[in-house]
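The values are calculated or read from the model by the stated rules, or taken from the named source; none is laboratory data. Here the structure is a predicted model, which means the values were calculated and not measured. Here the Cβ positions follow ideal geometry from the backbone for every residue, glycine too, while neighbour counts run over all protein chains shown.
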Amino acid sequence: MIPGSFNYHRPKSVQEAVGLLAKLGDDGRLLAGGHSLIPTMKLRLATPANLIDLGGIADLKGIRADGNDIVVGAMTTQHDLIASDLLASKIPILRETSAQIADPQVRYVGTLGGNVANGDPANDMPALMMCLNATFHASGKSGERKIAARGFYQGLYATALQSGEVLTAIRIPVPAAGHGYAYEKLKRKIGDFATAAAAVVLTMKGGKVNSCAIALTNVADKPLLAEEATKILIGSALDAATVKRAVAAAEAITSPAEDPRGPAQYRTKMAGVMLTRALARAKSLAKG
Amino acid sequence: MNDMTPTSAERAAKLEGMGCKRKRVEDIRFTQGKGNYVDDIKLPNMLYGEFNRSPYGHAHVKKIDTAKAAAVPGVVAVLTAETLKTVNLAWMPTLAGDVQMVLADGYVLFQNQEVAFVIADSREAAADAADLVEVEYEQLPVNVDPLKAMAPNAPVIREDLKGKTEGAHGKRKHYNHIFSWQAGDKAAADAAFAKADVTIREMISYPRVHPCPLETCQCVASFDKIKGELTLYGTFQAPHVIRTVGSLISKIPEHKIHVISPDVGGGFGNKVGAYPGYICSIVASIVTGVPVKWTESRIDNLSTTAFARDFHMDMELACTKDGKLLGLRCYTIADHGAFDACANATKWPAGLFSIISGSYDIPAAHCLVDGVYTNKAPGGVAYRCSFRVTEAAYCVERAMDIMAQKLGMDPADFRMKNLIRREQFPYTSAFGWQYDSGDYQTALTKAMEAVSYRKLRDEQKQKREAFKRGETRELMGIGVIHFTEIVGAGPSRNCDILGIAMFDSAEIRIHPTGSGICRLGTKSQGQGHETTYAQIIATELGLAADSITVEEGNTDTAPYGLGTYGSRSTPVSGAATAMACRKIKAKAQMIAAYMLEVHDDDLEWDVDRFRVKGNPERFKTMTELAWAAYHEVPPGMEPGLEAVDYYDPPNFTFPFGAYICVVDVDVDTGMIKVRRFYALDDCGTRINPMIIEGQIHGGLAEAFGIAMGQEIHYDDDGNVTTASFLDYFLPTAVETPRWETDWTTTPSPHHPIGAKGVGESPNVGGVPCFSNAVNDAFAFLGSTHIQMPHDHWRVWTAAEKLGLHA
């Protein structure tokens, strides 16, 4: 549990970080909150020669409204997300999900950017960002670009982020007023990753589902957007039979690995149970 | 006398003796981060050791190349089995009569086994170099299943034992067999089963778990070449045993070995044994001439140093049709891993497992245990229980529920009918144990009343109906148990470790001003010995507990003792403390008689003084007598006021308790909510009720962890998949239920102060209580036994098998 030796860099600006990444190439790893990278280094599964700590870049922190979006700096901690009045009123599911990540000590240090950029399907924020249709801002040597969360995740630790790029901010469209939402997560204990989790954001109109987005955590090698399930639900009153069909459709896209949380079949079923419960709660919160 | 003269009761209260909720004196340093643990020890020029470990569960080691590791800056030496052979230490004896590789000698037999030991001037360099030891392996077939260990074609685990038909405990049946051990009367048990109306049989497995102390195992070995003396600081539960074993192994004379256990951060059985880390550190210090520290990581701890349980019990009970127990039979396969490094009293390879008749009056019983080798880490220690008592209590308490279910009786009523009755004590069990004292019906009745047991059953009945009607997806379960422990190992006629009788000791020295020091052969790992032993002395000698220093863990100063595990400190060293006090008191009485110019027999004891019978204003306080002991002893008496006592207990003590747990099971996820947990413990005389309560809270939290989620799991390739807190379930305060504690007091008749020991009861009783609650939730659907741990997916699977998700 002793990491290998490494050089430590603490750039003051995004530009400096990008420059360091370009210079150090594959020998350089970005350090955000460190809750994934540092344990991996202690196990010597990761042995970066250079750590580039983004903690000294003031521009990467903060939460602000921008038109109909909210922009969150990549180095904003989960604790900051929970403490934000703006998020509490505009995107309450973000607060709810943050509160289910690990424990307070972790949330004081763990960041939204680190959580989404690492490409770990067990993290909670990637599925939520897909559910909310967020956009990630990345800076690289050739400038800045935007990547949709829904197209970002390619597989286990594989993302659309290119080497040399720093994920700088997350832009989240504010869901419609009166929307219902829920993040249901089954875990064995505080601090654990999800056995399965489901994020739901929906709007209702005349007692029927008007819009809906569903994403699933930790039931495949990447977070999943349950599009078929969404199609089934739109226009329905979330009656039991329709929900059951939608849940079956969501379960069908999962391919979890067996791990100490349970065999694959169980984790698939838990994705279904979490989705069922998330839909019920989202419906109860939705106005219209 | 005037009104300001304190009464006897006021004087007694000031002493903070037995029965007082005295605050733990050790917490003054622990709560300020001022404890002194092994890892706090930093000696001049100290080096650091780190292991290279096997990635495989079973492999032939074809070649070890240490050149790259040795070339890392800061590395001083790299030890392998070849190096250790030069000092005849490639293998070491175990407490169980087996031998164990210190470093891989031709083979590795479990994942993470120690292969090479790197010594460097920093922990970082040692870790870097350990990674660079190049080992060429040839993988061999793996077996991690104890039930398959004695199959005709099972992989051979121990090549070194090839052809050996005799083990440390008699004949070996198979090349992977370690021992057979039995107790009770087989013919009588068979006869009981032949005439029984109702019998049950169930395979009850207690999975492999780990004691998992917060502080891992560690040591600092410092060999002084000039004096030829070894000082060994370590996380030892039994420092004297380590000194003796160390001397026997190393051939260093015992008086030239100084073993020191400083503050120890939890042990729970994990820190009883001797590990390769200790041997390698000692050899490394001898080789390098400077101190060497070894610190175990969490993964190393969970995957290599002593595990617990891994008992697989084929259990049978026999009964009359009206619910009177007639017989018990149990055949157990015990998985001891790759080496038999089980920590038991030497003659008891399955420990005190024959306490398996529990709290019940069972006329005929027999048990047989076969120990086997597998490709798993060695161990099999008493994790917060007396040797193998937890396994036995779990087995019989589960079986009692299964039998009650078959009889159609309420499990509490079935227990009540079969509990040993108060008038039967001292009670001799079918296995030959003489239970010292008990009042079981009173305990169970009190527990049932405290939780309104009948009302809970009514509520459960209604909830089951509602479940059947589809109105709820929750099932309610009620666990009820009555356990009996056997602790305080132990009487020399039963117990020894490598030939050393399992007595324990106390040495008390009272200073002239009436304060004193007490040194003991036990070693606290958080139990609060510094607080409680002083309370025994306070009551026995009438000196304030605050005026007594309690010291343990230094083999140079402490009297010889066998250490702390198996709830033996209070039953054995607590008794020694009381007996040493009584020797001191007898001398003090003679001094008092001399000073008061009366005969010894004319004096009577009054809290903190001897007074003249019938004339209470003539007295000498213990403080005055302490002073007198150093300057005006009676003619012919030697000065001073001290005593030592080596206590060989006449019997074990038998703490007991009645626990009740209520759970609600979510059948759709397998999640379990513990609604209520009530624990009534009877540990005989209660020394410090606050410490008892704390011990019970801690033991119940561990029991919760074990029952609800713990398992040291190996995959078929021999990989240990639960070697970190990511996957090994260590509950936090959030998951841990709220506890309700209660007690009755039935003193031990043979213990000087009537105390029985308590630290381990909650683990022993807690696990079956949780498990029975979970099982009870499903019992009405025909389910008899669901194996632990009761984590989400296993509970869900049980529900799935019962068709509850259709």
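List every residue pair whose Cβ atoms lie under 9 Å apart, where the two residues are 6 or more positions apart in sequence or sit on different chains, the first residue falls within the stretch A:275-288 and is more than 15 Å from A:Pro92 (Cα to Cα), and the second residue, located anywhere, is loosely packed, with under 15 Cβ neighbours inside 10 Å.
A:Thr276/A:Lys244; A:Gly288/A:Gly178; A:Gly288/A:Lys205; A:Gly288/A:Gly206; A:Gly288/A:Gly207
When the stretch B:215-261 is examined, which residues are found to be part of a loop (DSSP other than H, G, I, E, B) and either of a type in the set (Gly, Ala, Ser) or in contact with a helix residue (DSSP H, G or I) (Cβ under 6 Å, 6 or more places away or on another chain) (or both)?
B:Thr216, B:Gly228, B:Thr235, B:Phe236, B:Ala238, B:Ser261
Got a sec? Which strands (runs of 3 or more DSSP E) wholly within the stretch A:1-71 have at least 1 residues that are over 22 Å from A:Ser163 (Cβ atoms)?
Where strands (runs of 3 or more DSSP E) fall fully within the stretch A:1-71 and carry at least 1 residues being over 22 Å from A:Ser163 (Cβ atoms), they are A:63-66.
Of all residues being out of contact with any helix residue (DSSP H, G or I) (no Cβ under 7 Å at 6 or more places or on another chain) and closer than 30 Å to B:Lys461 by Cβ in the stretch B:723-764, which is nearest to the other protein chains (Cβ to nearest Cβ)? Just the residue, please.
Of everything passing the filter in the stretch B:723-764, B:Glu735 is nearest to the other protein chains (Cβ to nearest Cβ).
Any idea which residue in the stretch B:666-687 is surrounded by the most Cβ atoms within 10 Å (Cβ to Cβ), counting only those that are closer than 20 Å to B:Arg398 by Cβ and within 14 Å of another protein chain (Cβ to nearest Cβ)?
B:Gly670
Among B:Glu632, B:Glu638, which is the only one that is modelled with pLDDT under 95 and assigned to a loop (DSSP other than H, G, I, E, B)?
Testing whether each residue is modelled with pLDDT under 95 and assigned to a loop (DSSP other than H, G, I, E, B) leaves just B:Glu632.
Suppose the filter is within 20 Å of A:Val116 (Cα to Cα) and not acidic (Asp, Glu); does A:Gly33 pass it?
So A:Gly33 passes the test.
Give the number of residues within the stretch B:260-300 that are among the charged types (D, E, K, R), crowded, with 24+ Cβ neighbours inside 10 Å and within 14 Å of chain A (Cβ to nearest Cβ).
Number satisfying all stated conditions: 1.
Find the residue count for the stretch B:468-514, including only residues that are part of a loop (DSSP other than H, G, I, E, B), without any contact (Cβ under 8 Å) to a residue 60 or more places away in the chain and more than 30 Å from B:Leu419 (Cβ to Cβ).
Counting residues in the stretch B:468-514 that are part of a loop (DSSP other than H, G, I, E, B), without any contact (Cβ under 8 Å) to a residue 60 or more places away in the chain and more than 30 Å from B:Leu419 (Cβ to Cβ) gives 4.
Does any residue of the stretch A:127-134 turn out to be farther than 22 Å from A:Arg10 by Cβ, surrounded by fewer than 20 Cβ atoms within 10 Å (Cβ to Cβ) and modelled with pLDDT of 95 or more?
yes
Of everything in the stretch A:259-273, what is within 10 Å of another protein chain (Cβ to nearest Cβ), over 15 Å from B:His805 (Cα atoms) and either surrounded by 22 or more Cβ atoms within 10 Å (Cβ to Cβ) or modelled with pLDDT of 95 or more (or both)? Give them in sequence order.
Those that are within 10 Å of another protein chain (Cβ to nearest Cβ), over 15 Å from B:His805 (Cα atoms) and either surrounded by 22 or more Cβ atoms within 10 Å (Cβ to Cβ) or modelled with pLDDT of 95 or more (or both): A:Arg261, A:Gly262, A:Pro263.
Take the residues in the stretch B:431-452 that are in a loop (DSSP other than H, G, I, E, B) and more than 27 Å from the chain's Cα centre (by Cα), then tell me which one is surrounded by the fewest Cβ atoms within 10 Å (Cβ to Cβ).
Step by step, filter the stretch B:431-452, then rank; the result is B:Ser452.
Scan the stretch B:698-722 residue by residue and report those that are assigned to a loop (DSSP other than H, G, I, E, B) and either under 30 Å from B:Gly19 (Cα atoms) or within 13 Å of chain A (Cβ to nearest Cβ) (or both).
B:Gly709, B:Gln710, B:Glu711, B:Ile712, B:His713, B:Asp715, B:Asp716, B:Asn719, B:Thr721, B:Thr722 - these are the residues of the stretch B:698-722 that are assigned to a loop (DSSP other than H, G, I, E, B) and either under 30 Å from B:Gly19 (Cα atoms) or within 13 Å of chain A (Cβ to nearest Cβ) (or both).
Just to check your reading of the model, which residue among B:Gly718, B:Gly699, B:Gly757 is at positive phi, surrounded by 24 or more Cβ atoms within 10 Å (Cβ to Cβ) and under 21 Å from the mean Cα position of the chain (by Cα)?
Answer to the selection: B:Gly757.
What are the pairs with Cβ atoms under 6 angstrom where one residue, in the stretch A:185-207, is within 12 Å of chain B (Cβ to nearest Cβ) and the other, located anywhere, is among the small types (Gly, Ala, Ser) and part of a strand (DSSP E or B)? Sequence gap at least six, or different chains.
A:Lys185/A:Ala197; A:Leu186/A:Ala196
Within the stretch B:415-438, how many residues are more than 22 Å from B:Asn772 (Cβ to Cβ) and of a type in the set (D, E, K, R)?
4
Of all residues in the stretch A:9-54, which are within 14 Å of chain B (Cβ to nearest Cβ) and either buried (at least 20 other Cβ atoms within 10 Å of the Cβ) or not basic (Lys, Arg) (or both)?
If the condition is that a residue be within 14 Å of chain B (Cβ to nearest Cβ) and either buried (at least 20 other Cβ atoms within 10 Å of the Cβ) or not basic (Lys, Arg) (or both), then A:His35, A:Ser36, A:Ile38, A:Pro39, A:Thr40, A:Met41, A:Leu43, A:Leu45, A:Ala46, A:Thr47, A:Ala49 are the ones that fit.
Could you grab the pairs with beta carbons closer than 6 Å, sequence gap of 6+ or different chains, first residue in the stretch B:613-635 and in contact (Cβ under 8 Å) with a residue 12 or more places away in the chain and more than 12 Å from B:Tyr594 (Cα to Cα), second one of a type outside the set (Ser, Thr, Tyr) and assigned to a strand (DSSP E or B)?
If the second residue must be of a type outside the set (Ser, Thr, Tyr) and assigned to a strand (DSSP E or B), the pairs left are B:Arg618/B:Val612; B:Thr621/B:Arg609; B:Ala626/B:Ile510.
Among (1) of a type in the set (A, V, I, L, M, F, W, C); (2) more than 30 Å from B:Ala443 (Cα to Cα); (3) under 22 Å from the mean Cα position of the chain (by Cα), which single condition is B:Leu368 missing?
(3)
Considering the stretch B:191-229 alone, what residues qualify as being free of Cβ contacts under 8 Å to residues at least 24 places away in the same chain and surrounded by 14 or more Cβ atoms within 10 Å (Cβ to Cβ)?
B:Asp224
Which residues, taken from the stretch B:132-149, are surrounded by fewer than 17 Cβ atoms within 10 Å (Cβ to Cβ) and either within 14 Å of chain A (Cβ to nearest Cβ) or closer than 24 Å to B:Asp98 by Cβ (or both)?
B:Pro141, B:Leu147, B:Lys148
Let me confirm something: among A:Arg188, A:Arg245, which residue is charged (D, E, K, R), over 13 Å from A:Ala127 (Cα atoms), surrounded by 22 or more Cβ atoms within 10 Å (Cβ to Cβ) and not assigned by TED's automatic domain parsing to the domain that holds A:Gly73?
Exactly one residue qualifies, and that residue is A:Arg188.
Name the residues in the stretch B:646-667 that are within 24 Å of the chain's Cα centre (by Cα) and in a strand (DSSP E or B), would you?
B:Tyr646, B:Tyr647, B:Thr653, B:Phe656, B:Gly657, B:Ala658, B:Tyr659, B:Ile660, B:Cys661
Yes or no: B:Thr522 in a loop (DSSP other than H, G, I, E, B), surrounded by fewer than 24 Cβ atoms within 10 Å (Cβ to Cβ) and touching a residue at least 24 places away in the same chain (Cβ under 8 Å)?
no
Just to be sure before I move on: is B:Met690 within 14 Å of chain A (Cβ to nearest Cβ) and either among the aliphatic types (A, V, I, L, M) or buried (at least 24 other Cβ atoms within 10 Å of the Cβ) (or both) in the structure I sent?
no
Return yes when B:Ala576 is assigned to a helix (DSSP H, G or I), modelled with pLDDT of 95 or more and outside the structural domain of B:Thr484 (by TED's automatic domain parsing) and no when it is not.
Considered against the rule, which asks whether it is assigned to a helix (DSSP H, G or I), modelled with pLDDT of 95 or more and outside the structural domain of B:Thr484 (by TED's automatic domain parsing), B:Ala576 comes out as yes.
Is it true that B:Ser247 is without any contact (Cβ under 8 Å) to a residue 12 or more places away in the chain, farther than 20 Å from B:Ala126 by Cα and hydroxyl-bearing (Ser, Thr, Tyr)?
In short, yes.
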